[in-house]
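The values are calculated or read from the model by the stated rules, or taken from the named source; none is laboratory data. If you're wondering where the values come from, they're calculated on a predicted model, not measured in any experiment. Cβ placement follows ideal geometry from the backbone for every residue including glycine, while neighbour counts extend to all protein chains displayed.
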Amino acid sequence: MRKTLNLVVLLSGQGSIFEALCQAIKTKQLDAKILAVISDNPQAYGLIRAQENQIPTIILSMKNYTDKEAFQIALKETLLELSPDLIVLAGFMCILAPSIVQAFPYQILNIHPALLPKYPGLNTHARVLASGDTEHGSTVHFVDEGLDSGPILAQEKLAILSGGSVAELEERVKTLEKKLYPKVLQWFAEDRIQIKQGQVFLDNQLLKDLNKF
Ligand code: GRF
């Protein structure tokens, strides 16, 4: 059954991927509504993009809380109140506390700029260039309690150009991410994703870790 997905987007920076989601909604490639954008960074340009798209913004700045735990509790309460179908991480630079992950099982998605399980963590483009790899890309995955380690939903690859820079690679990865993330979210809107006994299925086909093949 098709439905309009209620999303909450978490971001910390530029928000160009979030902007791509807004465009996909406007052009009806993604049947979703963004209930709110939450940022831990009051200076995030993504917040301005949200205002331009008439989407409510919520700033939860770490410095307004006594410690990380208090911040995570506030974030969890905010998310529970919004009660989205999916929580969409789009350049959110905080690791979610286990209690948040547990409160939203298989409801939190992230897009990571690397072909996971290779290169979890930060500075992926520089690390890929330094490695001499011939391909790179991006991964959409469920968020679990580990670092960029939850079940993979989809990956998109690109070839690494010789003599390319980190900035050039980042730009090319973001270009493919702007198509990949709306595509995967639309699978949820079309009810094409199922979780059975901890395994993820698309159209009743088991989604295996793509990098194993
Ligand atoms: C994207 O490359 C995404 O993969 C990563 O953070 C970046 C966000 O970019 N998680 P932007 O802030 O949306 O421009």
Discussion item. So for segment 147-158 (the condition being exposed (fewer than 14 other Cβ atoms within 10 Å of the Cβ), over 18 Å from the mean Cα position of the chain (by Cα) and assigned to a loop (DSSP other than H, G, I, E, B)), does at least one residue qualify?
Written reply: no
Worksheet, complete the sentence: ALA130 fails exactly one of (1) more than 16 Å from the ligand (Cβ to nearest atom); (2) outside any strand (DSSP E or B); (3) exposed (fewer than 15 other Cβ atoms within 10 Å of the Cβ); (4) under 19 Å from the mean Cα position of the chain (by Cα), namely (4)
Worksheet item: With ALA20, ALA103 as the choices, which residue is within 13 Å of the ligand (Cβ to nearest atom), modelled with pLDDT of 95 or more, closer than 24 Å to THR139 by Cβ and of a type in the set (A, V, I, L, M)?
Response: ALA20
Practice prompt. With the condition kept exactly as written, say whether any residue in segment 138-159 is touching a residue at least 24 places away in the same chain (Cβ under 8 Å), farther than 26 Å from GLN199 by Cβ and of a type outside the set (Gly, Ala, Ser).
Written response: no
Discussion item. Test of understanding: among GLN43, GLN54, GLN29, GLN14, which residue is within 14 Å of the ligand (Cβ to nearest atom) and more than 16 Å from the chain's Cα centre (by Cα)?
Written reply: GLN43
